[in-house]
Amino acid sequence: MYETHTEIVFDDFVNLEQTSNLNRIYPSSTYDFGDFWPHIENYLEINKQLTNNKQIIIKHPLECHIPIHKHKYIFDYIHEYCDNSGWNKNKFKFITGNWRIFESYSVWKTNNNYSGEEIQLECDFELAKWYAPMMMDTPNKYGIVPELDYCDQLFTEDKPWTFNCLNRGPQVHRVNFVQELWRQGLLQDNCVTFNYDPNSQSQQIESFTGHLHPEFLELLPIEYDKPKDQSALQFASATVMPQAYHQIDDFEHSRIPNWFEKFYKNSWLTVTTESYTSLHVVAQCFAPDCKSLIDPVNMMCLANNHPWEQYDHHNKTQNPLHTIQKNFNQHRLGFVTEKTFRNFLNLHPTIWVASPGTTLILKQLGFETFSDYWDESYDYITNPIDRQQTITELLKQLSSYSQTEWRKLQKSMRDTLYHNQNIMLTMTDTPKISKIDHQLT
């Protein structure tokens, strides 16, 4: 048992510094982990007497990417340091926002034939605090901690949309999903936004298969959810979620308005396209004229089933195929953001376009998802195209319901919605897990 601990914190909002009591050092997450690890080692060596009876906690809570440098993961760095210094592996604890970290470490141990002492792992769902009223603790410019507005009752009147689906960042899974909604005719009678302008931004967007229909691109940007004179990020940070972007210091009001209320009042459910899915770690197919992404499960491209081994001549010479596969399998991503917790606080049912197993991890945290009201088997499908197509079919089914049918369904899920809201209203610390109760490939 360790007397206390030293924290090494990766955080987008702080700069590299070392505090006077040497209990916390802050490497910014913009630093390359491989370049920063020697600084961590140097700190531990200089302060070996101070840290001898302390646990070393490395925190990366606002990210789900596993720190990696040239095919070496944080697991490699910690294990090597412990082997060289004679420390137990469990002296180190890695805290991340990635709930699939436990799977990643398990795969790493299998790939490295390791069965000894283990690093301690924890997943912190830090972004829940942005929609937990009791965790609001930052004062505004007048020294008053603002209250957080939220929906405290169900809206039972007729609604113009079956679902809302708000998309700011043009991540590949969002691109693919919104285009699929367009193909299925689900954009017209629902509220779907996609804040990407192909005519004014240099960033290229792609689908899973690398193909975007010209007619779909002509629709962009779809901007119901921000003023024309502000970027989506500017509007989110200054108006929508000042508590999330450290803007409270300049905030003048005593209450943060619920800017999303209009979407909740006018739709029966929310489709949440989470910030990351497992597809963020795959590479592009190397076959000629194929722009598809590689599915890490079967190592074939999603568009034409081109096998990686047949076409990736460069990586076969530079890095053996098994190395590429090993890194894909170890780098599993699962991230639950404020988007999900905001729905819970505001009594809104949700369908998730996210990493497989998201509904299971939310149940592990004590929330109730919506398998009693529609089929949530989409969340067990690991192939990203198949999963999104299944979600689209589900949305087509739900979009066929009448207003009367939706009111009846809403009434039946009342206990579930209030249960989830109560968790948010009484939350005084961010949810955490130190193991996972399920495993998906």
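Taken together, the values in this text are just the output of simple stated rules run on the coordinates, not laboratory data. Here the structure is a predicted model, which means the values were calculated and not measured. No Cβ is skipped: glycine too gets one built from the backbone with ideal geometry, and neighbour counts run over all protein chains shown.
Odds and ends about this structure:
- Three-way shape label, region 120-190, alpha-carbon gyration tensor, a/c 1.5: oblate
- Using the Cβ of Gln403 as centre and a radius below 11 Å, the other residues enclosed give a net charge of 0, where K and R count +1 and D and E count -1.
- 3J(HN,Hα) couplings calculated from phi for region 212-218 with the Karplus curve 6.51 cos²θ - 1.76 cosθ + 1.60 (θ = phi - 60°) are, in sequence order, 10, 6, x, 5, 5, 4, 5 Hz; Gly and Pro show x.
- Checked against a 26 Å cut-off, the cross-linked pairs Lys89/Lys432; Lys265/Lys396; Lys339/Lys432; Lys109/Lys291 give Cα-Cα distances beyond that limit for Lys109/Lys291.
- Those trypsin sites (Lys or Arg not before Pro) in region 49-148 that DSSP places in a loop and that have at most 11 other beta carbons within 10 Å: Lys70, Lys141
- Cut-off 10 Å between beta-carbons: net charge of the residues surrounding Tyr264, Lys and Arg +1, Asp and Glu -1: +3
- Sparsely packed chymotrypsin sites (Phe, Trp or Tyr not before Pro) within region 114-166, loop by DSSP, other Cβ within 10 Å at most 12: Tyr142
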